[in-house]
1. For the structure I just gave you, tell me whether Lys24 is open to solvent by 40 Å² or more (accessible area, probe 1.4 Å) and over 19 Å from Val137 (Cα atoms).
2. Filter the range 102-124 down to residues that are of a type in the set (Ser, Thr, Tyr) and under 20 Å from Gly86 (Cα atoms) and give me whichever is surrounded by the fewest Cβ atoms within 10 Å (Cβ to Cβ).
3. When you scan the range 10-35, how many residues do you find that are within 22 Å of Trp133 (Cβ to Cβ) and aromatic (Phe, Trp, Tyr)?
4. Does any residue of the range 66-73 turn out to be open to solvent by less than 90 Å² (accessible area, probe 1.4 Å) and under 26 Å from Ile135 (Cβ atoms)?
5. Could you identify the single residue in Ile30, Ile127 that is closer than 22 Å to Ala8 by Cβ and either in contact with an Asp or Glu (Cβ under 7 Å, 6 or more places away or on another chain) or surrounded by fewer than 17 Cβ atoms within 10 Å (Cβ to Cβ) (or both)?
6. Restricting to the range 77-105, what's the tally of residues that are of a type in the set (Gly, Ala, Ser) and touching a Phe, Trp or Tyr at 6+ places or on another chain (Cβ under 7 Å)?
7. Name the one entry in Tyr124, Tyr103 that is out of contact with any strand residue (DSSP E or B) (no Cβ under 9 Å at 6 or more places or on another chain) and closer than 20 Å to Leu5 by Cβ.
8. Touching a residue at least 24 places away in the same chain (Cβ under 8 Å) and closer than 20 Å to Met138 by Cα: which single residue out of Ala8, Ala46 fits that description?
Amino acid sequence: SHSSLNRAIAVVEKSIEATKAKFKIDENKIFLLGFSQGGSMVLEMALRYPKKYTGFICCSGFLNWYETKREEKRPLRGVKLFASVGRRDMMVNPDLSIDSIKYLESHGAEVTINEYDMGHEMTYEVIEDIKYWIISVMKTK
């Protein structure tokens with residue numbers, strides 16, 4: 001539901017703020033990464049807070065179209081987004097993932113979509129690709 005999504009996002013935000021308060025963290029180097037439902041949260045947070053984080057990483061996630069109003073204008077120019085999609089994912093339809101990512105791209109997000117011959121999982125190859133994507137994003141900052 002929308003209220004549980006809002007509560008979950010509030011918990012993530014509070015955790016990030018607490019971490020920033022406890023450790024010396026460069027605010028220009030914060031990336032959000034989520035897998036599955038966490039990936040869905042990352043996409044929603046990119047829509048809500050497009051300028052707050054350096055980059056967004058969605059692994060096997062999708063936008064919940066019941067929660068997201070497609071017709072709203074989204075100022076996502078400059079938002080960096082990496083997405084991994086498993087072509088054999090039986091939990092999250094790969095087309096739904098790609099459709100969700102392309103929605104953000106249609107509103108200006110700079111999107112990298114990598115499709116993998118895998119199911120609903122994180123692999124070493126995905127992690128390596130994320131690492132190199134983060135490095136490339138940081139080089140442009």
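1. yes
2. Once the filter is applied, the top-ranked residue is Tyr124.
3. Final tally of qualifying residues: 2.
4. Taking the range 66-73 and keeping what is open to solvent by less than 90 Å² (accessible area, probe 1.4 Å), we get 67-68, 72.
When the remaining residues are screened for being under 26 Å from Ile135 (Cβ atoms), the result is none.
No: the range 66-73 contains no residue that is open to solvent by less than 90 Å² (accessible area, probe 1.4 Å) and under 26 Å from Ile135 (Cβ atoms).
5. On the way: Ile127 fails: closer than 22 Å to Ala8 by Cβ.
Every option except Ile30 fails the conditions.
6. Count: 4.
7. Just a single option satisfies the conditions, and that option is Tyr103.
8. Details: Ala8 fails: closer than 20 Å to Met138 by Cα.
Going through Ala8, Ala46 in turn, the sole match is Ala46.
The values are calculated or read from the model by the stated rules, or taken from the named source; none is laboratory data. Model, not experiment: these values are computed from the prediction. Cβ: placed from backbone, ideal geometry, glycine included. Neighbour counts: every protein chain shown. Ligands, DNA and RNA are stripped out before the accessible areas are found, and what is left, the full protein with its side chains, is counted by its heavy atoms. Shrake-Rupley method; radii C 1.70, N 1.55, O 1.52, S 1.80 Å.
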